[in-house]
Amino acid sequence: MSTPYAKLPGWADYGLIPLINLLVAFVVAGFVVLLVGENPFRAAVILVEGAFGRGQGIAFTLFYATTFIFTGLSVAVAVHCGLFNIGTEGQAYIGGLGVAVVCLVFDSVTPWWITFPIAIVASAVMGALWALIPAYLQAKRGSHIVITTIMFNFIAASTMVFFLVGALKPAGSQAPQTRNFLEGGQLPKLNWIIELFGAKIRSAPFNVSFLLALLMAWLVWLLIWRTKLGYEMRTYGHSPKAAKYAGISETRIIIIAMMISGALAGMMALNPTMGDQHNVAIDFVSGAGYVGIAVALMGRSHPVGIVLAAILFGALYQGGAELAFEMPAISRDMIVIIQGLVILFAGALEHMFRPYIQVLFASVSPKSMGMAAAKGGGG
Amino acid sequence: MDFFNIVIQTLDSTIRLSVPLLLACLAGLYSERAGVFDIGLEGKMLVGAFAGAAAASVFHSAFIGLGMAILISVAFALVHGFASITHRGNQIVSGVAINFIAAGSTVILGQAWFSQGGRTPALAPNERFEAIIFPGANALRGVPIVGPIYAELISGHSVLVYLAFLAVPFTWWVLFRTRFGLRLRAVGENPAAVDTAGISVAWLRYRALICTGILTGLAGAYLSMVQNGGFVKDMTAGKGYIALAALIFAKWKPVNAMFACLLFGFLDALAIRLQGTPLPLIGRVPVQFMQALPYVLTVVLLAGFIGKAIPPRAGGVPYVKER
């Protein structure tokens with residue numbers, strides 16, 4: 001009786017159910033659009049066209065997706081180890097500190113292809129260190145990681161403000177941000193890849209950190225499903241007791257998983273800073289860490305799913321910007337609602353439609369469900 | 001006398017700043033004591049603030065505003081219940097979702113209805129909860145020491161402030177002296193035992209969440225109808241999370257919760273007062289340090305360095321009836 005629901009075929013579990021959840025989220029969002037007094041279908045068309053209609057839109061979509069791949073992977077790695085890392089937001093923000101220091105020191109000295117690897121390491125280390133304390137407290141002191149990581153998000157925000165209005169701000173400037181990075185701190189754009197397909201792009205911040213994000217997605221897949229460490233993490237995630245019985249050190253596995261998660265979060269900082277704004281400004285993460293939760297949920301914590309979900313959310317961001325332009329009543333906050341609804345239906349209410357789908361499957365092909373039901377104990 | 005006045009003023013703003021924290025903290029107390037984690041305090045406060053200010057300005061009545069704030073906030077609490085009690089979803093995820101939906105919808109609807117960039121119209125005095133002046137407060141103001149304390153600290157707050165502080169003994173009484181409170185605490189520690197006694201776990205938890213919704217509604221109404229004459233985008237600004245921190249700091253006890261909220265409110269008031277002024281011995285304290293202090297203190301507490309914070313045992317675990 002441990003599993004209340006019988007098993008569905010894999011494609012239904014990983015494809016159909018997330019799709020239905022997503023659809024419901026969008027239907028509810030449509031009602032909000034209706035409430036505001038706009039046509040939801042026209043809004044949907046504008047959104048899709050804005051995200052994928054032109055080369056410009058695609059480039060922006062992929063730019064946002066890059067950010068969300070990092071944060072989504074960060075959340076997913078922790079989830080595989082049974083940890084809920086809400087601190088992705090703060091870890092990414094602190095990752096920006098690493099980027100800032102590296103770029104301010106090296107950008108006048110080295111070309112981007114030397115600065116970039118150093119910045120990758122710095123941002124990852126900063127993110128990992130920021131995750132270390134909550135991880136240590138969870139492992140050694142039993143403090144709930146959800147609460148400590150939330151607290152660390154706020155501490156991170158205060159810390160970054162402290163540096164950005166103080167040490168990192170150029171003298172005489174009022175804006176709470178670093179000076180602009182020189183050539184050596186700017187990542188090259190990847191817009192030419194989209195232009196290969198004949199699209200025209202005026203200017204878009206789509207840059208090489210997208211490739212880093214894809215590399216990280218592959219490495220996370222490798223880690224989780226092809227290494228001993230990943231196996232241990234999944235074991236601990238499934239059953240801490242079993243892991244302990246198998247001789248896996250609880251402290252070690254929690255700390256390693258959280259530090260990897262924090263490192264991935266920290267790397268997110270590269271994309272908006274070196275890739276787009278060419279400085280580190282206050283609040284540059286602006287909720288991307290929380291979007292990572294939605295992305296990981298939608299992508300079922302699998303790197304392929306995460307990349308797809310990140311592109312979906314990237315499209316929402318880009319399409320949402322177009323939507324705000326076309327329909328003044330709908331600002332970009334509409335995207336925040338959609339995110340919330342996706343998190344609600346794909347995350348918290350993920351089991352809501354499952355019984356109905358199981359009934360449906362049972363009536364369409366009773367044989368397959370009969371076997372599954374027998375295995376699951378008729379739940 | 002000048003120093004004394006500064007102290008009085010700081011304490012006065014401590015009270016004002018800790019009221020929303022206190023209401024939200026007590027809100028969290030009901031739900032977490034019943035075994036339902038609630039990250040969504042922030043979001044429920046925000047929708048409460050919006051609904052309160054919007055209804056008050058449309059119907060020109062503070063009380064309709066308050067009612068609407070509570071109603072909408074309870075509705076969001078019930079969504080949390082639907083996801084985490086009925087469908088046994090992840091309570092943290094559900095809370096995060098509620099915060100997102102609240103942050104987005106308040107701005108979208110505010111812009112659509114009032115076209116003031118997500119704000120609600122500024123509330124007229126009769127649409128807000130005005131300060132209540134206690135009898136003799138103005139006459140006594142001249143009396144040294146006692147006068148300012150009575151006139152500034154005790155008198156001159158809105159009805160919601162007194163309500164918030166009365167909610168502390170009331171919550172204590174409900175939790176520790178009534179049958180409902182006993183069951184509520186039991187369902188947070190050992191739901192199976194409550195179920196065995198023939199009491200519905202789900203219904204009990206739903207009722208706890210309704211209490212949470214009422215209190216977050218009050219907290220939101222305080223923000224938009226007392227502290228600030230109208231709703232402003234993202235006006236909760238992390239107060240829901242500070243309330244959560246205060247709840248842990250208070251070890252899930254109502255009276256402690258009041259002191260924790262007063263402490264965090266005091267830190268906030270101090271941060272505002274000390275902005276830029278150097279302290280003797282320490283020198284200038286960065287504002288950011290003061291702002292981060294409640295969170296740092298909570299982490300230190302969670303780490304078990306100042307006593308141990310032990311949450312309700314069944315917290316965060318959806319209840320599955322054994323068959």
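The values are calculated or read from the model by the stated rules, or taken from the named source; none is laboratory data. Bear in mind that the values here come from a model prediction, so they are computed numbers and not experimental data. No Cβ is skipped: glycine too gets one built from the backbone with ideal geometry, and neighbour counts run over all protein chains shown. Surface areas here come from the heavy atoms of the whole protein model, side chains and all, with no ligands, DNA or RNA. Shrake-Rupley method; radii C 1.70, N 1.55, O 1.52, S 1.80 Å.
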Practice task
Identify all aspartates and glutamates with a Cα-Cα distance to B:LYS251 below 20 Å; exclude those on the same chain that are fewer than 8 residues away in sequence.
Solution key: B:GLU32, B:ASP38, B:GLU42, B:GLU189
Fill in the blank from the handout: So the angle from the long Cα axis of helix B:41-59 to the longest Cα principal axis of chain B, reported in degrees to the nearest 10, equals 60 degrees
Exercise for the section: Take peptide A:158-164, look around each residue's Cβ out to 10 angstrom, count Cβ atoms belonging to other protein chains, and average those counts. Expected result: 4
Problem - With DNA, RNA and ligands ignored, accessible area of A:MET298 (1.4 Å probe; Å², nearest 10) - result: 30 Å²
Completion exercise
Answer in debye to the nearest 20: the dipole magnitude of the protein assembly as shown about its Cα centre, from +1 Lys/Arg and -1 Asp/Glu charges placed on Cβ, is 1800 debye
Exercise for the section: With a Förster radius of 45 Å, plug the Cβ-Cβ distance of B:ILE145 and A:GLN277 into 1/(1 + (r/R0)^6) and report the FRET value to the nearest 0.05. Expected result: 0.25
Exercise for the section: Calculate the mean, over all residues of peptide A:133-145, of how many other protein chain Cβ atoms lie within 10 angstrom of the residue's Cβ. Expected result: 3
Handout entry: Positive-end residue, chain A charge dipole about Cα centroid, Cβ charges, pick of A:PRO176, A:ALA135, A:GLY55
Key = A:ALA135
Practice task
Take every residue in peptide B:75-87, count the Cβ atoms of other chains within 10 Å of its Cβ, and give the average of those counts.
Solution key: 2
Fill in the blank from the handout: Taking max minus min of the Cα coordinates of the protein assembly as shown on each principal axis, largest first, gives extents in Å of 81, 70, 57
Practice task
Output the peptides B:241-250, B:47-56 sorted from most to least packed, where packing is the average of other Cβ atoms within 10 Å over each peptide's residues.
Solution key: B:47-56, B:241-250
Fill in the blank from the handout: Result for segment B:101-205: accessible area per residue, probe 1.4 angstrom, in square angstrom, of 50 Å²
Completion exercise
Candidate cut points under trypsin sites (Lys or Arg not before Pro) in segment A:168-202, DSSP loop plus at most 13 other Cβ atoms within 10 Å of their own Cβ, are A:LYS200, A:ARG202
Completion exercise
Most packed first (mean Cβ within 10 Å per residue), the peptides B:155-164, A:282-291 order as A:282-291, B:155-164
Exercise for the section: Once you have the Kirkwood Rh of segment A:78-129 from its Cα pairs, apply Stokes-Einstein at 10 °C and 1.306 mPa s and quote D in µm²/s. Expected result: 135 µm²/s
Exercise for the section: Pairs of lysines 8 or more apart, or on different chains, with alpha carbons under 26 Å: count those in chain A, would you? Expected result: 11
Exercise for the section: Kindly state, as a whole number, the per residue volume in cubic angstrom of the convex hull around the alpha carbon atoms of segment B:13-75. Expected result: 89 Å³
Completion exercise
Share of Cα-Cα pairs in segment A:70-297 beyond 21 Å, whole percent, is 55 percent
Exercise for the section: Based on the mean of other Cβ atoms within 10 Å per residue, sort peptides A:62-75, B:186-199, B:28-41, B:97-110 so the most packed one is first. Expected result: A:62-75, B:28-41, B:97-110, B:186-199
Exercise for the section: Taking only protein heavy atoms into account and a 1.4 Å probe, give the accessible area per residue of chain A in Å². Expected result: 42 Å²
Fill in the blank from the handout: By the Kirkwood definition, with r running over pairs of different Cα atoms, chain B has a hydrodynamic radius in Å of 20.4 Å
Exercise for the section: Please report the buried accessible area for the interface of B with A, total over both chains, probe 1.4 Å, in Å² to the nearest 100. Expected result: 3800 Å²
Fill in the blank from the handout: Taking max minus min of the Cα coordinates of segment A:94-198 on each principal axis, largest first, gives extents in Å of 53, 42, 25
Exercise for the section: Rounded to the nearest 500, what is the 222 nm mean residue ellipticity of the protein assembly as shown from helices alone, with -39500 (n - 2.57) per DSSP H run of 4+ residues and division by all residues? Expected result: -21500 deg cm²/dmol
